[in-house]
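The values are calculated or read from the model by the stated rules, or taken from the named source; none is laboratory data. This one's a predicted model, so the numbers in the text were calculated from it and none came from an experiment. Using ideal geometry, Cβ is built from the backbone for each residue, glycine included, and neighbour counts are taken over all protein chains shown.
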Amino acid sequence: MNKIKEVCVVGSGTMGNGIAHSAALHNVNITLIDIDVLQLDKAKIIISKNLDRQLKKNIISFADKENTLSRINFSSDLKDCRSAEIVIEAVPEKFKIKAKLFKDLSKLCSNKTIFASNTSSISITKLSKYVKKRENLIGMHFMNPVPIMKLVEVINTKFTSKATTQKVIGLSKSMNKSPVECKDSPGFISNRILMPMINEAILCLQNEIANAEAIDKIMKLGMSHPMGPLQLADFIGLDVCLDIMNVLYDGFKDNKYKPCSLLIKMVDDGFLGKKTGYGFYKY
């Protein structure tokens, strides 16, 4: 199978710029698209800084950095996705936004274009209704921070073709990632397991069983987790955690997935974790 050489990433936020960084570092030509020009400018700076961190740690050379940056084309025009073999969406975790994007992409791209969603929990099957060929849509769930984390959760629907899956697995491996397949289901595997654990940790805090530091320390020392669940929630974003818990709760109709009231309150109050400077910890 021929190696994928042209990829478009739509959305230049944390996940989008991380995907672009990782792919370009491994010789893939990237078009990074965002309708927000200021966000694109921010993405350029972030990618350059993250490459500098890798350079400082001797993970890459100066030439690697320069070549990586030269492979990324920044654009605010969705039409620039037309030549891509694979289009990866990394837009906000809202169904309506993603559905509209795939509908628009289907009008612009050829029938051979593969569409991949980086959603962390939204149904790939439901999203596939908005592309012309449902067999061309797949989930490609990267982990944050993308340049560091090895896993790519590859989510197949009952419509996804074997050819689509093989190409996405091939692209993941070419990016030095470890792709693992699963079937489409609310939260897939990663967040179906992770988010209820985080939700339970928040409930322990709400019930004053222990403070945040103690809860995290128990999980780090007792379960060998590199980061405690409450600190991890801060890094993910409490709004993202709540969105995923709502997807699980709505999808399974099971109270064990009901979001903790403290999580809901913190999101309502604007305490979203590291990105706002305050969550379960201060930053």
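Which one is surrounded by the fewest Cβ atoms within 10 Å (Cβ to Cβ), of the residues in segment 251-270 that are among the hydrophobic types (A, V, I, L, M, F, W, C) and within 23 Å of F95 (Cα to Cα)? Can you show your working first?
To start, the set of residues in segment 251-270 that are among the hydrophobic types (A, V, I, L, M, F, W, C) comprises 252, 260, 262-264, 266-267.
Now drop any that are not within 23 Å of F95 (Cα to Cα), which leaves 252, 260, 263-264, 266-267.
Details: F252: 14, C260: 21, L263: 21, I264: 16, M266: 22, V267: 20.
For segment 251-270, the residue satisfying everything is F252.
Check I122, I138 and return the single one that is over 30 Å from I45 (Cβ atoms) and among the aliphatic types (A, V, I, L, M). Before the answer, list the steps.
Details: I122 fails: over 30 Å from I45 (Cβ atoms).
Being over 30 Å from I45 (Cβ atoms) and among the aliphatic types (A, V, I, L, M) holds for just one of I122, I138, which is I138.
Go through (1) in a helix (DSSP H, G or I); (2) over 16 Å from L203 (Cβ atoms); (3) without any contact (Cβ under 8 Å) to a residue 40 or more places away in the chain for I264 and report which single condition fails.
(2)
Hey, can you tell me all the residues within segment 59-75 that are surrounded by fewer than 14 Cβ atoms within 10 Å (Cβ to Cβ) and either touching a residue at least 12 places away in the same chain (Cβ under 8 Å) or closer than 27 Å to D239 by Cα (or both)? Walk me through it before giving the result.
Within segment 59-75, the subset surrounded by fewer than 14 Cβ atoms within 10 Å (Cβ to Cβ) is 59, 61-63, 66, 70.
Passing the criteria: none in range.
Is one or more of the residues making up segment 51-73 in contact with a Ser or Thr (Cβ under 9 Å, 6 or more places away or on another chain) and aromatic (F, W, Y)?
No, the conditions are met nowhere in segment 51-73.
Restricting attention to segment 231-267, which residues are among the polar types (S, T, N, Q) and over 18 Å from Y281 (Cβ atoms)? Don't jump to the end; show me each part of the working.
First, the residues of segment 231-267 that are among the polar types (S, T, N, Q): 231, 246, 255, 261.
N246, N255, S261 - these are the residues of segment 231-267 that are among the polar types (S, T, N, Q) and over 18 Å from Y281 (Cβ atoms).
From the list A99, A116, which one is small (G, A, S), part of a helix (DSSP H, G or I) and closer than 30 Å to K274 by Cα? Show your work before the answer.
On the way: A116 fails: part of a helix (DSSP H, G or I).
Sole residue among the options that is small (G, A, S), part of a helix (DSSP H, G or I) and closer than 30 Å to K274 by Cα: A99.
From M219, M227, which residue is free of Cβ contacts under 8 Å to residues at least 24 places away in the same chain, of a type in the set (A, V, I, L, M, F, W, C) and surrounded by fewer than 16 Cβ atoms within 10 Å (Cβ to Cβ)?
Working: M219 fails: surrounded by fewer than 16 Cβ atoms within 10 Å (Cβ to Cβ).
None of the other options fit; the residue is M227.
Please tell me if L101 is assigned by TED's automatic domain parsing to the domain that holds N156, touching a Lys or Arg at 6+ places or on another chain (Cβ under 6 Å) and buried (at least 18 other Cβ atoms within 10 Å of the Cβ).
No.
Failed condition for A23, given (1) part of a helix (DSSP H, G or I); (2) farther than 19 Å from I148 by Cβ; (3) touching a Ser or Thr at 6+ places or on another chain (Cβ under 9 Å); (4) not aromatic (F, W, Y), with all others met?
All conditions pass for A23, except number (2).
So for segment 4-12 (the condition being crowded, with 17+ Cβ neighbours inside 10 Å and either modelled with pLDDT under 95 or over 20 Å from the mean Cα position of the chain (by Cα) (or both)), does at least one residue qualify? So that I can check it myself, show each step before the final result.
So the first thing to find is which residues in segment 4-12 are crowded, with 17+ Cβ neighbours inside 10 Å, and the list is 4, 7-12.
With the extra rule that they be either modelled with pLDDT under 95 or over 20 Å from the mean Cα position of the chain (by Cα) (or both), the set shrinks to 4.
Checking segment 4-12: at least one residue is crowded, with 17+ Cβ neighbours inside 10 Å and either modelled with pLDDT under 95 or over 20 Å from the mean Cα position of the chain (by Cα) (or both).
Which residue pairs have Cβ atoms under 8 Å apart, sit 6 or more places apart or on different chains, and have a first residue in segment 201-213 that is within 16 Å of D234 (Cβ to Cβ) and a second that is polar (S, T, N, Q) and not in a helix (DSSP H, G or I)?
From residues that are within 16 Å of D234 (Cβ to Cβ), the pairs are L205/N211.
Yes/no matrix, rows are residues, columns are (1) over 14 Å from D34 (Cα atoms); (2) of a type in the set (V, I, T):
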residue	(1), (2)
K65	yes, no
N73	no, no
D80	no, no
E89	no, no
C109	yes, no
T113	yes, yes
N118	yes, no
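Check off (1) within 30 Å of K49 (Cα to Cα); (2) aromatic (F, W, Y); (3) out of contact with any Gly (no Cβ under 8 Å at 6 or more places or on another chain) for F142 and give me the number that stays unchecked.
Single failed check for F142: (3).
Are any residues in segment 161-190 in contact (Cβ under 8 Å) with a residue 60 or more places away in the chain, touching an Asp or Glu at 6+ places or on another chain (Cβ under 9 Å) and assigned to a helix (DSSP H, G or I), and if so, which ones?
K167, L171, S190 - these are the residues of segment 161-190 that are in contact (Cβ under 8 Å) with a residue 60 or more places away in the chain, touching an Asp or Glu at 6+ places or on another chain (Cβ under 9 Å) and assigned to a helix (DSSP H, G or I).
Give me the residue from segment 111-130 that is among the hydroxyl-bearing types (S, T, Y) and modelled with pLDDT of 95 or more and, out of that set, nearest to the chain's Cα centre (by Cα).
T119
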